[in-house]
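Trainee: I'd like to ask you about the structure that follows.
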Amino acid sequence: MPANLGLSHDADLKRLKLLSMALRIGSFGYFIQDVLLNRVTWSAETYDIWGISPSIGRPSLELINKSFHPEDYPRLAEIEADTSWTSKVLNFRIVRPDGEVRYIQAHIEREFDNMGALALAYGILLDNTVKLRTELALQSSEARLTSLFETTGAGMVITGPRANILFVNKSFANLLGYEPSELLGRSIRSLSPPDTNDATLEMVRAMRAGEGLSRDVEKPYLHRDGHMVWVRLTINIHTNFNGDEEFIGIIQDLSERHRAEERLRDNEHLLNAAQTIGMIGHWVWHMDTGVIEWSEEMCRIVGYPPDDRILRGHRMEKHVHPDDVKVFRSMLDQIRDGSPAQSHEFRLIRVDGELRTVIGRAMPIHATTGRGERLIGTIQDITEAKARENALRRESVKAEAANRAKTLFLANMSHELRTPLNAILGFAQLLSIGTRGGLNGDQKEYVNSIMRGGEHLLRLINDVLDLSRIDSGHLTLSFEPINLLNVTQDVLQSFSQQAAARSISLNAVSHGGAPEIVSADRVRLTQVLVNLISNAVKFNRTGGEVCVDITAVNEQHVRLAISDTGHGIPRDRHNEVFQHFNRLGAESQGIEGTGIGLALSKRLVEEMNGAMGFDSEPHVRTTFWFDLPTTAVHTSPVLRAAQ
């Protein structure tokens, strides 16, 4: 560590030597440490380096040790304790009293006594702070420049006066499929199609003529695999240290933009095709300039050539039918006044005089750029659709009138038919009980046939009348709480003899927890059960089974399902089950029926706020089910059977 040389003749010689060193080095500070006298001497420059005023006198070893940077002090202490060296250059940091860190280079000489103990140390102290900071700043700047040059998304290339590549970054080399080293020394012109270099040469000529220091152009380069890569090339010219011209090129990849432009052109083509298919044209009105742009389909709708798309003034208005001009102007005024999107139907008179019906829609586009306020709108030609709509409306009116006439006819005819039919059934019953004398066997069979046919016809008339009432909205229902299991048992009992004749078992089961009380019309509920159970018996096989299951759908609905073991319904005819008068081929099997019972039952269930459906597996089982709403009344589960 520093010390004092003392006042001897030798000390004076050492001082002269230090001064000589100082003269050689230039700006410096020096120190002398006299170990024997435990004294340190600094030059005035050393005080400046340490940031301490010379007025404090000779610096103490404690002051010096405390000024060393904490991270450097252990290393310096270890070097000081080492007695093996006499001359050394050390680099370390000090922390000045104001907190500033300084970088010091010390050239130190040491002298030892005859016993090998350190007697004297002296040296020159250089403050390298400015130099080091400048070097660090330069290195950082170079690193940033290198990073920018190599990591920027833009390609960069430097060429000499003969277009030879002097430097190229990775972005440019990668853009063309090369490594940077493969391009050094090559002519930049060899990387472009020959017929595209003229524009670049013209840029260079203009810059050499003083017509600007920077120029840019869009041009293609050739990728290594042969395809063209479109770029924007910006060239700057400068003179290097040797006085030679160098050209710095910045290359921006435009491939994605060119692809986007191609997609845009394709999308515009598709949009025009879609507008042609939908007969929808669009227009844009630039409010600040008064310019209006029409799409090709817009021109076609009004009758102008497809390329007559840019105009001034609102040419559309002169084609609006005089009776609809007020509606058209109102739409535009509302949009201009800030109203939301508008849609109005009006008529257009084409250039050729043909009248077309269109729907005009428009809305404002608020400026998000410097383009100003705009209105955008569409015109859809609905002439043919309007004609079809009017035709359908006329047909609908006819159909409604025909339906009303049918309903009225059925209602009237049903009443007209039931009156004589009741008389026929009444007299047939009188004949069958012998009120006019006994009948022989043939006569009884004839009378029974009359009664069966009359009853069948009466059921058909009643069903048709019910359907007409539902269609006309005149069906009256009386809702009440009904025990579903009891009603089912009563209906099953009425079919017991018919089922027994074919050895068909009838069963009704209410599963545990299922509510049995439903809200329904008793007469109509019985009618639905009769239709479904009747079909289950008629279309069953001999020795088969009809099972009625009552289960809970949820807390608000209960389901009644009627299953039979008949031939089932073919899968390809499931969609015909609830069609009026469709018996699904049963008419060829000699089974009596009208084909209206299922359709009527479904309508009746729906009128009672329920739903009906079915499941059928041919030759295994068919199940028709319906759901009805429950009431607040519940009974205990029971199990009954009727056979």
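Trainee: Examine the stretch 519-537 for a residue that is modelled with pLDDT under 90, assigned by TED's automatic domain parsing to the domain that holds residue 613 and assigned to a loop (DSSP other than H, G, I, E, B), and state whether such a residue exists.
Mentor: Scanning the stretch 519-537 turns up no residue that is modelled with pLDDT under 90, assigned by TED's automatic domain parsing to the domain that holds residue 613 and assigned to a loop (DSSP other than H, G, I, E, B).
Trainee: Another question about this same structure. Taking residue 295 as meeting all but one of (1) over 19 Å from residue 380 (Cβ atoms); (2) in the same structural domain as residue 374 (by TED's automatic domain parsing), write down the number of the exception.
Mentor: Among (1) over 19 Å from residue 380 (Cβ atoms); (2) in the same structural domain as residue 374 (by TED's automatic domain parsing), residue 295 violates only (1).
Trainee: Which residue, of 132, 175, 201, 191, is of a type in the set (A, V, I, L, M, F, W, C) and touching a Gly at 6+ places or on another chain (Cβ under 8 Å)?
Mentor: Just a single option satisfies the conditions, and that option is 175.
Trainee: How many residues does the stretch 234-244 hold that are within 16 Å of residue 200 (Cα to Cα) and out of contact with any helix residue (DSSP H, G or I) (no Cβ under 6 Å at 6 or more places or on another chain)?
Mentor: 2
Trainee: Give me the pairs: first residue in the stretch 246-271 and among the acidic types (Asp, Glu), second residue part of a helix (DSSP H, G or I), beta-carbon distance under 7 Å, and six or more apart or on different chains, which are they?
Mentor: 253/175
Trainee: Another one. Based on what the data block shows, is residue 494 among the polar types (S, T, N, Q), surrounded by fewer than 16 Cβ atoms within 10 Å (Cβ to Cβ) and modelled with pLDDT of 75 or more?
Mentor: Considered against the rule, which asks whether it is among the polar types (S, T, N, Q), surrounded by fewer than 16 Cβ atoms within 10 Å (Cβ to Cβ) and modelled with pLDDT of 75 or more, residue 494 comes out as yes.
Trainee: Among the residues that make up the stretch 262-274, is at least one of them touching an Asp or Glu at 6+ places or on another chain (Cβ under 8 Å), under 30 Å from residue 380 (Cα atoms) and surrounded by 13 or more Cβ atoms within 10 Å (Cβ to Cβ)?
Mentor: Yes; the residues of the stretch 262-274 include at least one that is touching an Asp or Glu at 6+ places or on another chain (Cβ under 8 Å), under 30 Å from residue 380 (Cα atoms) and surrounded by 13 or more Cβ atoms within 10 Å (Cβ to Cβ).
Trainee: Still on this structure, I have one more. In the list 464, 447, 397, which residue meets the criterion of being part of a helix (DSSP H, G or I), under 25 Å from residue 531 (Cβ atoms) and at pLDDT 70 or above?
Mentor: Exactly one of 464, 447, 397 is part of a helix (DSSP H, G or I), under 25 Å from residue 531 (Cβ atoms) and at pLDDT 70 or above, namely 464.
Trainee: Taking the condition under 24 Å from the mean Cα position of the chain (by Cα) and not assigned by TED's automatic domain parsing to the domain that holds residue 228, does residue 273 pass?
Mentor: For residue 273, the condition - under 24 Å from the mean Cα position of the chain (by Cα) and not assigned by TED's automatic domain parsing to the domain that holds residue 228 - is not met.
Trainee: Same structure, new question: Yes or no: the stretch 540-554 includes at least one residue that is over 50 Å from the mean Cα position of the chain (by Cα), within 22 Å of residue 612 (Cβ to Cβ) and assigned to a helix (DSSP H, G or I).
Mentor: No, because not a single residue in the stretch 540-554 is over 50 Å from the mean Cα position of the chain (by Cα), within 22 Å of residue 612 (Cβ to Cβ) and assigned to a helix (DSSP H, G or I).
The values are calculated or read from the model by the stated rules, or taken from the named source; none is laboratory data. Worth saying up front: this structure is predicted, and the values here are computed from it rather than measured. Because the Cβ atoms are built from the backbone with ideal geometry, glycine has one as well, and the counts that use them run over all protein chains shown.
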